[in-house]
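Okay, so here's the structure we're looking at.
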Amino acid sequence: MPLQVLGPHDSRVLSERGLLLRGVLSVAALPEPLRATLAAQDPAFLDYAQLLVFAHAGPRMWRALQTAPADLRTTEDPIDTFSVETVREHLERELGVQRFTLLYPGHRTIPLQELGALLGWHHPSPLRVGINHTFGTWFAYRVALLADTNLPLSPLPDDAASAPCATCVDKPCLSACLGNALTQGDLSLPHCIDFRTRPESPCAHRCPAREACPIAPEHRYDADQIRYHYGVSLKMLTR
């Protein structure tokens, strides 16, 4: 099932700022393990009507961020700040929602990849990042929250829908990995981390294996966005 990609008729602010995926799930109908995760943090979370998940896709969000007000661009994590502010504007100004509880980003526990799989956004890949037919690996979870909205629920995918990697014959990502971290067909994190953290590593601020993926290359992030994201992860690895 193709992803439901938001356009200006759905939300001007989300579309213009690149948060092109919005998943709407009924809290009452969530799988029991997800309901238990919410209840363990606060039983009142189960009283909300809907759980909303937002993801950016492609380079549009990064480009919009570059022209955002300085107070959004100069925070400790400008992407989180920009994403939360965008979703807040969507809820309060476009939908008239005043009460909601932010789950992500923040300190709360929320299984984003499980939610993405439930919505059909997230299929496994050898790179251990989510992949889908519409955007390939060029998307990321940005915001998850609970709200008493009454939005149409997202249609859930057919369990039999094929994952992109399952039907990829050539698998160019495997041979493109410069650190030989994909020799067994799945990412070896120790090999990847060791190679990325070496002095002058060609994988320090990009991933040639990810860039070699033939799924949706037209949605690849801009070079400076790729460098930013991988720079952030490299700092975490070298702390």
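Some notes on this structure:
- All positions within region 213-228 that are surrounded by fewer than 17 Cβ atoms within 10 Å (Cβ to Cβ) and either closer than 13 Å to residue 133 by Cα or within 15 Å of the chain's Cα centre (by Cα) (or both): 214, 217, 218
- Looking across region 202-216, just one residue is among the small types (Gly, Ala, Ser) and not in a loop (DSSP other than H, G, I, E, B), and that is 209.
- Boolean, residue 102 is out of contact with any Asp or Glu (no Cβ under 6 Å at 6 or more places or on another chain), in a strand (DSSP E or B), open to solvent by 40 Å² or more (accessible area, probe 1.4 Å) and closer than 21 Å to residue 81 by Cβ: yes
- Selection of region 140-188 for residues being open to solvent by less than 70 Å² (accessible area, probe 1.4 Å), over 30 Å from residue 99 (Cα atoms) and either polar (S, T, N, Q) or in contact with a strand residue (DSSP E or B) (Cβ under 9 Å, 6 or more places away or on another chain) (or both) yields 161, 162, 163, 164, 165, 188.
- Test: residue 205 is surrounded by 14 or more Cβ atoms within 10 Å (Cβ to Cβ), farther than 17 Å from residue 128 by Cα, in contact with a helix residue (DSSP H, G or I) (Cβ under 7 Å, 6 or more places away or on another chain) and of a type outside the set (Val, Ile, Thr): yes
- For region 13-45, residues that are assigned to a helix (DSSP H, G or I) and either touching a Pro at 6+ places or on another chain (Cβ under 8 Å) or under 17 Å from residue 156 (Cα atoms) (or both) total 5.
- Region 14-53 - residue that is over 20 Å from residue 135 (Cβ atoms) and among the β-branched types (Val, Ile, Thr) and, of those, least open to solvent (accessible area, probe 1.4 Å): 27
- Selection within region 119-139 - surrounded by 22 or more Cβ atoms within 10 Å (Cβ to Cβ) and either part of a strand (DSSP E or B) or charged (D, E, K, R) (or both): 131, 132, 136, 139
- The residues of region 31-73 that are among the small types (Gly, Ala, Ser) and closer than 18 Å to residue 14 by Cβ, listed by number, are 55, 57, 58, 64, 68.
- Residue list for region 189-201, filter: among the charged types (D, E, K, R) and either surrounded by 16 or more Cβ atoms within 10 Å (Cβ to Cβ) or assigned to a helix (DSSP H, G or I) (or both): 194, 196
The values are calculated or read from the model by the stated rules, or taken from the named source; none is laboratory data. Predicted model only: the values in this text are computed from it and were never measured. Note: ideal-geometry Cβ built from the backbone for every residue, glycine included; neighbour counts use all protein chains shown. Note: areas computed on protein heavy atoms with side chains; ligands, DNA, RNA excluded. Shrake-Rupley method; radii C 1.70, N 1.55, O 1.52, S 1.80 Å.
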